[in-house]
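Visitor: Got a structure for you, written out below as C-alpha cells; questions coming shortly.
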Amino acid sequence: AFRSILEDWYGRIPEKGHACHVLSNHDQSRALSRYLRGLGSRGAEYENDVAKCLAALLLTQKGTPFLYYGEEIGMRDGRIGRRDLQDPLGKKYYPLHPGRDRSRTPMQWDSTDGAGFSSGKPWLPINGDYRERNVTAQSADGASILSWYRSLIRLRKDSPALREGTIEFLGGGDSD
C-alpha cells in the first residue's frame with residue numbers, strides 16, 4: 001500500500017516541485033496506532049519495529065518530512081474518556097466519532113508526574129505509558145525509537161541523495 005501511494009504521489013509532483021511527507025497530525029489517529037491496529041492482537045509484539053519502519057519510510061523520502069510530536073518516541077493514541085474530551089467534534093458526535101483528542105495528548109518528556117509537560121493539570125490526560133515511553137528514558141537507550149530517529153536524521157543530513165535524489169521503484173512489489 002505504501003508503495004502504491006508513493007508511486008502515485010511522486011508521479012503527481014511537478015518537475016520542479018517539492019515533496020512533503022507526513023504520517024501523523026493532530027486531526028487523525030497517530031500512525032503507529034493505526035498500523036498496530038492493523039496487526040490485531042500481535043501488534044504490541046512488534047510495536048518498536050513498526051515505529052522504526054515508519055521512521056525509516058518517512059525520513060528516507062525525497063523532500064521534506066514532517067514529524068508530529070511524539071512520533072520520535074513511539075507515542076500512541078491516548079485513551080480519552082468522554083468526560084475528558086476537549087475536541088468539539090468528539091463532544092458532539094460521541095460515541096459515533098470519538099474526536100481527535102486521542103492523538104493530541106501531552107508530549108511525554110520524562111517519568112515525573114505530568115510527564116515533564118506540566119506541573120499543573122494538562123487539558124488532556126497523559127498517556128498511561130509515560131513512565132516508560134518518554135524522551136528522558138529513550139535518550140539513555142541506544143536501541144530506542146528516539147535513538148533510531150536521531151540516527152536517521154543524521155543520515156539524512158549527511159546524504160544529499162536522501163533529500164534531493166531521485167527515486168526508482170523496482171520490480172512489481174510483493175511478487176518480487
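The values are calculated or read from the model by the stated rules, or taken from the named source; none is laboratory data. All values reported here derive from a predicted model rather than from experimental measurement. Here Cβ is always computed from backbone atoms with ideal geometry, including for glycine, and neighbour counts include all displayed protein chains. Only protein heavy atoms, including side chains, enter the accessible area calculation; ligands, DNA and RNA are left aside. Shrake-Rupley method; radii C 1.70, N 1.55, O 1.52, S 1.80 Å.
Visitor: So how do 103-113, 75-85, 151-161 stack up, highest first, on mean other-Cβ count within 10 Å? Please list the in-between numbers first.
Guide: Numbers: 103-113: 18.8, 75-85: 16.8, 151-161: 12.5.
The packing order, highest mean first, is 103-113, 75-85, 151-161.
Visitor: Another question, then. Can you give the accessible area per residue of the stretch 32-169, in Å², using a 1.4 Å probe? Walk me through the numbers before you get to the answer.
Guide: Details: 8070 Å² over 138 residues.
Spelled out: the 1.4 Å probe surface of the stretch 32-169, per residue, equals 58 Å².
Visitor: Could you run the Karplus curve 6.51 cos²θ - 1.76 cosθ + 1.60 with θ = phi - 60° over the stretch 20-33 and give me ³J(HN,Hα) per residue in whole Hz, x for Gly and Pro?
Guide: Using θ = phi - 60°, the values come out as 10, 10, 8, 10, 9, 7, 6, 9, 9, 4, 4, 4, 4, 4 Hz.
Visitor: Each label point is 7 Å from the Cα along the Cα-to-Cβ direction; what then is the distance between the points at residue 97 and residue 12, in nm?
Guide: 2.2
Visitor: Can I ask one more? Here are a few candidate values for mean projected area of the Cα convex hull in nm²: [x] 10.9; [y] 12.8; [z] 9.8. Which one was actually calculated from the structure I just gave you?
Guide: So the structure-derived entry is [y].
Visitor: Calculate, in nm to one decimal, what residue 83 and residue 3 gain on full extension: separation in residues at 0.36 nm each, minus their alpha carbon distance. Write out the running numbers ahead of the final one.
Guide: Details: separation 80, 0.36 × 80 = 28.80 nm, distance 4.03 nm.
Working it through step by step, the gained length comes to 24.8 nm.
Visitor: Take every Cα pair under 8 Å in the chain that's 6+ residues apart, average their separations, divide by the length, and report that relative contact order as a whole percent.
Guide: Values: 234 pairs, mean separation 39.5, N = 176.
It comes to 22 percent, rounded to a whole number.
Visitor: On to the next question. So if I take the centroid of the Cα atoms in the stretch 9-35 and the same for the stretch 86-120, what is the distance between those two points in Å?
Guide: What the calculation gives is 23 Å, centre to centre.
Visitor: Sorted by packing (mean other beta-carbon atoms within 10 Å per residue), highest first, where do 122-133, 50-61 land? Walk me through the numbers on the way to the answer.
Guide: Numbers: 122-133: 16.7, 50-61: 18.8.
Ranking, from highest mean packing down: 50-61, 122-133.
Visitor: Moving to a separate point now. In a shell of Cβ-Cβ distance under 14 Å around residue 111, excluding residue 111 itself, what net charge do Lys and Arg (+1) and Asp and Glu (-1) give?
Guide: Values: positive: 131, 133; negative: 110, 113, 129, 132, 141.
Charge balance in the 14 Å sphere: -3.
Visitor: Now a separate question. Can you return the lysines within cross-link range of residue 121? Criterion is Cα-Cα under 24 Å, with same-chain partners fewer than 8 residues away left out.
Guide: 91, 92
Visitor: With the full set of protein chains in place, find how many percent of the accessible area of the chain is carbon and sulfur; take the probe as 1.4 Å.
Guide: Values: 5820 of 10860 Å².
Exposed carbon and sulfur together represent 54 percent of the surface.
Visitor: Full extension from residue 170 to residue 29: what is 0.36 nm times the residue separation minus their Cα-Cα distance, to one decimal in nm? Working shown, then result.
Guide: On the way: separation 141, 0.36 × 141 = 50.76 nm, distance 3.10 nm.
Computed gain between residue 170 and residue 29 is 47.7 nm.
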